[in-house]
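Working notes for the structure below.
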Amino acid sequence: MESLIPTINRLQEVFLTVGAEIIQLPQIVVVGSQSSGKSSVLESLVGRDFLPRGSGIVTRRPLVLQLINVAPPKERLKIESGNGVKQNAQNSYPGVKAEEWGTFLHCKNQIFTDFQEIRREIESETERSSGDNKGITAEPIYLKIFSPKVLNLTLVDLPGITKVPVGDQPEDIEAQVQEMILSFISNPNSLILAVSPANSDLATSDALKLAREVDPDGRRTLLVVSKLDLMDAGTDALEVLLGRVIPVRLGIIGVVNRSQHDINTQKSLEDSMKDEQAFLQRHYPSLASRAGSRYLAKTLSRLLMHHIRDCLPDLKTRVTVLSSQYQARLNSYGQPVEDHSATLLQIVTKFASDYCNTIEGTARYIQTSELCGGARICYIFHETFGRTLQSIDPLGGLTELDILTAIRNATGPRPALFVPEVSFELLVKRQIKRLEEPSLRCVELVHEELQRIIQHCSSFSTQELLRFPKLHDSIVEVVTGLLRKRLPITNEMVHNLVAIELAYINTKHPDFTDAAQVSASVNSQQAEALDGGKRWKNEKVAEEKALAAGFGSPSKGQAINLLDTAVPVSRKLSAREQRDCEVIQRLIKSYFLIVRKSIQDSVPKTVMHFLVNFVKEHLQSELVGQLYKQPLLQELLIESQDTAQQRTEVAQMLEALKKANNIISEIRETHLW
């Protein structure tokens, strides 16, 4: 089990190389208020002074600290020379003669043997990203410390909880610090080391309050009561350390921090630990063996090892799942192009096939949110276009006066005994002409849908096409150009359909039954024609008398212009006129319905033949003819920068996951218990 913590450290290094922590690894997160003694606790675990000191908020970036136990220099020398037994701990830095040293992730291959330099490097790196006036940032600093005096541990030191902003800190500094702390301790695989000073009320501990938010059962929380020597005279922390005030599941450990005087006089940590143990023996003899910095280090190492053991099965499952996911993503990006000709033909063929399948309704990716492709074209034909034609009134825009005027204009200077056929043709052509606009609109809607299918195929069907922006744009341009060439041809054919109907009014059409009925009705009324003619003559005489009475006798030398007479806008039609209007209306309606039915059937057929089917049949040959040209192959198959970068990142992440899987697999289950 001693190898578990180094294993987690190796996993952390693996994922840091790709700049992402996609797996929540077990670690100990140190949480406490500002000046609660967190830094002193960490230094006591390391046994060296290396953390920045000062007033106010000093820790302004998360510090991920890996403590790695190594053999003393003499034993390492034997191991490097091959005379000793293989060391169990890491031997990542052969040739280092120092007993203790540190390394930073941002300072590659640089070894720090002076811990004062480590402190200065932490300060300069903090100022680089956080500024030099108390600003904070969530970007961690990664530090490894190798020493024979430390136990294997992984800790995260976070900024202390503060209340009042200072320097260039924002007004919501308290909320920012708490949000940063919660982002670390919310990790279910982390242990929470809550540090609270003994000279403050534990019930008001900010560290315990935050720990309780994410760990209400206390299964991941260990409480450290610092500054035991600073309690008021006559008081002690025995009740707190025994868990009688606030129980903590993982335990409560008391420590004595170095005073500011000890720091100023550079009192060694070894002497401080001796004084700490002496203080505990004097004031807490019953708890002396279960308190102090040394006991804290052993407890943390033991808890972390057991916690890693419990988390390891889930970690292995998580790594396996992510490996399969990233492998699928890498496959979706495809391999770098080697044979440009074959790749271009493959993509063009796939696009043409997907385009035609979308029209036919056999596409692999079928939308469920809206109609598309052939289904939408069918909807345009039978719903949109059909309803539009059905909504056209056969007699729309025709008044009785218009019909009567057309009848009179068709008779010329002679009054007609019967309704002239010319007036019917004149008026019915006017109504048939109204069918042309919705027919052309139908062509336009189908053309727009064929354009939409291009984007549909680009987005859902051909992932390979997204890798090559220039090829994608060229395919869209070719298909759009083909549609653009076919559009005027289709419009002309639809225009001709209406023109054909206008060219010849077939009154002998088998469905034009009203014409025969009207003819029979006219024949039956021929007997009344003579009487009607007499009545009409009498009416004309009466009208002429009324006209003469209305104008009076013209004065001598004055000319009368009858065309200046105002024509009444509306008047009551005579029985003859009413009958003639009804005959024409009936004929127009009957013949218009015949033509509308024909147009409703022939326009979709025309659009399918001259536009849809033509594009389906000639799409692939058009794409190949326009794009399969040797000078264009290299240019068209240049990958987008995003695709190449994403493939590289995914490949690196997949490699990291494979390494992580190998690292976890090295641990046999028999070693966990």
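The values are calculated or read from the model by the stated rules, or taken from the named source; none is laboratory data. Since this is a predicted model, take the numbers as computed values, not measurements. Here Cβ is always computed from backbone atoms with ideal geometry, including for glycine, and neighbour counts include all displayed protein chains. Ligands, DNA and RNA are excluded from the accessible area calculation, which covers all protein heavy atoms including side chains. Shrake-Rupley method; radii C 1.70, N 1.55, O 1.52, S 1.80 Å.
Miscellaneous remarks
- The gain in end-to-end length when the ALA651 to ASN506 segment is fully stretched comes to 44.8 nm, 0.36 nm per residue minus the alpha carbon separation.
- Electrostatic bookkeeping for SER272 treats Lys and Arg as +1 and Asp and Glu as -1; over the other residues with beta carbon under 12 Å from its beta carbon, the sum is -3.
- Solvent-accessible area, 1.4 Å probe, carbon plus sulfur percent, for region 212-265: 47 percent
- In nm, spacing of pseudo-spin labels at GLN451 and HIS106 (7 Å Cα→C-beta vector): 5.2 nm
- Highest mean packing first, where packing is the average number of other Cβ atoms within 10 Å per residue, the peptides 644-656, 266-278 line up as 644-656, 266-278.
- Of the residues THR204, THR154, THR59, the one with the largest accessible area comes first in the ranking THR204, THR59, THR154, computed with a 1.4 Å probe on protein heavy atoms.
- When the pairs LYS350/LYS629; LYS316/LYS659; LYS74/LYS298; LYS274/LYS298; LYS429/LYS597 are compared against a 20 Å limit on Cα-Cα distance, LYS74/LYS298 fall above it.
- Nonpolar atom fraction for region 286-345, defined as the carbon and sulfur part of the 1.4 Å probe accessible area, stands at 52 percent.
- Local electrostatic count, ARG434, Cβ distance below 13 Å [Lys/Arg +1, Asp/Glu -1]: +1
- The residues SER36, SER186, sorted by heavy-atom accessible surface at 1.4 Å with ligands and nucleic acids left out, run SER186, SER36 from largest to smallest.
- Loop-located GluC sites (Glu not before Pro) in region 161-233 (DSSP state other than H, G, I, E, B) with a sparse environment of at most 11 neighbouring Cβ atoms within 10 Å: GLU171.
- Using the Cβ of LEU105 as centre and a radius below 11 Å, the other residues enclosed give a net charge of 0, where K and R count +1 and D and E count -1.
- HIS472 - accessible surface, heavy atoms, 1.4 Å probe, Å² rounded to 10: 40 Å²
- Those aspartates and glutamates that a straight Cα-Cα span of less than 17 Å connects to LYS508, excepting residues fewer than 8 apart in one chain: GLU421, GLU425
- 5 angstrom amide H check on VAL195, placed H, neighbours 5+ away: VAL31, GLY32, VAL224
- What separates the Cα centres of region 278-331 and region 232-266 is a distance of 23 Å.
- Accessible area of ILE359 in the full protein assembly, 1.4 Å probe (Å², nearest 10): 20 Å²
- Cα gyration tensor, region 285-404 - rounded (a/c under 1.5), prolate or oblate: oblate
- Per residue, in Å², the accessible surface of region 176-230 once ligands and nucleic acids are set aside, probe 1.4 Å: 39 Å²
- Peptide ranges 596-608, 314-326 listed from the most packed, as the mean C-beta count within 10 angstrom indicates: 596-608, 314-326
- Average accessible surface area per residue within region 295-364, 1.4 Å rolling probe, Å²: 52 Å²
- When nucleic acids and ligands are ignored and a 1.4 Å probe is applied, LEU287 ends up with an accessible area of around 10 Å².
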